[in-house]
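Any read-out appearing in this document is the output of simple, stated calculations on the displayed coordinates, not a laboratory observation. In this text, all values refer to a predicted model and were calculated from it rather than measured experimentally. Positions of Cβ are generated from backbone atoms using ideal geometry, with glycine treated the same way; all protein chains shown enter the neighbour counts.
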Amino acid sequence: MASGVYQKRETATWQIVEYLQRFGSATIKELEQHLGVTTTAVRQHLSTLQAEGYIQRRAIHDGVGRPHHAYTTTEKTRELFACNCDDLALTLLQEVFALEGKEKTALLLERVGYRLANRYSPSVRSAILQDRVEELAGALYRQGVLTDVATADDNTIILKTYNCPYHDLAQEHREVCEMDEGMMRQLLGSDVNLSACMMDGHGSCSFVVSAKRG
């Protein structure tokens, strides 16, 4: 993640960025309620973020009357969440594709997913699937990935991520998304399917986790 104030999640500035990343847009009043601070304070933080190019203001027309304004993130905001090694990883993966072909590259990514699952495994220890998904969400959040967990029914849980640390890499090679899906499947010991993806224009990636039937 980027250095400075944007690394500190307890700051109001970061909380605004995270809120907009999760919900897509917000008005000053919504941010005021979320942060529990004055309108003046919210405006100051928004001015800073706008000046640095991380957010933008747009007019919202709701029928008759004057439009109100909402704030959204810009493409530059991805810098705050991106993996610092993204450029190197993209170059390496392109070379592997060129030298070894698609089949061997897929095998390589499968092995990378296996290693990632092992890295996260000390944080995902519960025997209860719901708790395991919550633990994984917490582990991802500590790595800078914004997450939410929702229960769809007794056998289905949805893990949502609102930013991709491998954004540029995944744009070029969607096999990275499959790697993430496989990593979660191994780690959770359950069926995991990516039902919506930010690479397709969705606001978040939705991983549907289902208890295995056996």
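A few comments on the model shown:
- Residue-span extension gain [Asp153 to Ser195] - 0.36 nm each, minus C-alpha spacing: 13.5 nm
- Shape annotation for the chain: C-alpha extents along the principal axes are 56, 44, 35 Å, from largest to smallest.
- Summarising the label geometry, the points placed 7 Å from Cα in the beta-carbon direction at Lys212 and Glu30 lie 4.0 nm from one another.
- The Rg/Rh ratio for the stretch 86-210 is 0.97, where Rg is the radius of gyration of the alpha carbons and Rh is the Kirkwood radius.
- Cβ-based charge dipole, the stretch 36-149, positive-most Cα from Ser121, Thr38, Gln50: Thr38
- The stretch 138-190 has equivalent-ellipsoid semi-axes of 21, 14, 10 Å, by the square roots of 5 times the alpha carbon gyration tensor eigenvalues, sorted largest first.
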